[in-house]
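In what follows, a structure is listed as structure tokens, so that the remarks can point back to it.
The values are calculated or read from the model by the stated rules, or taken from the named source; none is laboratory data. The structure presented is a predicted model; accordingly, all values stated were derived computationally and were not measured. Quick reminder, even Gly has a Cβ in these numbers, built from the backbone with ideal geometry, and neighbours come from all protein chains shown. SASA here: full protein model, heavy atoms, side chains in, ligands and nucleic acids out. Shrake-Rupley method; radii C 1.70, N 1.55, O 1.52, S 1.80 Å.
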Amino acid sequence: SGRRAVLALIKRSRHRQVPLRELEGLRAPPGAALGVPFLLHDLLGEGRLQSVPTAAGPLLRLAEP
């Protein structure tokens, strides 16, 4: 449920991408026993998110299907 909540947040964003700093500041979604940093690391490792380096810091976007 935590993964779905994080992915839904990114899908709702304007360009389907969100700065990493913005996501790290969030509280864990209800039903998620682990924190947001673990969920982000898990989604990056699974290949569902891509990290794009920018001058302002990493940007997370949904991976192309």
Legend entry - Residue among Arg21, Arg27 that alone is open to solvent by 30 Å² or more (accessible area, probe 1.4 Å), basic (Lys, Arg), more than 8 Å from the chain's Cα centre (by Cα) and at pLDDT below 90: Arg27
Inset, instruction - Run Arg16 past the list (1) surrounded by 14 or more Cβ atoms within 10 Å (Cβ to Cβ); (2) in contact with a strand residue (DSSP E or B) (Cβ under 7 Å, 6 or more places away or on another chain); (3) of a type outside the set (S, T, N, Q) and report the number of the one that doesn't hold. - result: (1)
Inset, instruction - From the list Gly57, Gly45, Gly31, pick out the single residue that is at negative phi and either among the small types (Gly, Ala, Ser) or in contact with a His (Cβ under 6 Å, 6 or more places away or on another chain) (or both). - result: Gly45
Inset, instruction - Answer with yes or no whether Ala55 is at pLDDT 90 or above, open to solvent by 100 Å² or more (accessible area, probe 1.4 Å), in a loop (DSSP other than H, G, I, E, B) and aliphatic (A, V, I, L, M). - result: yes
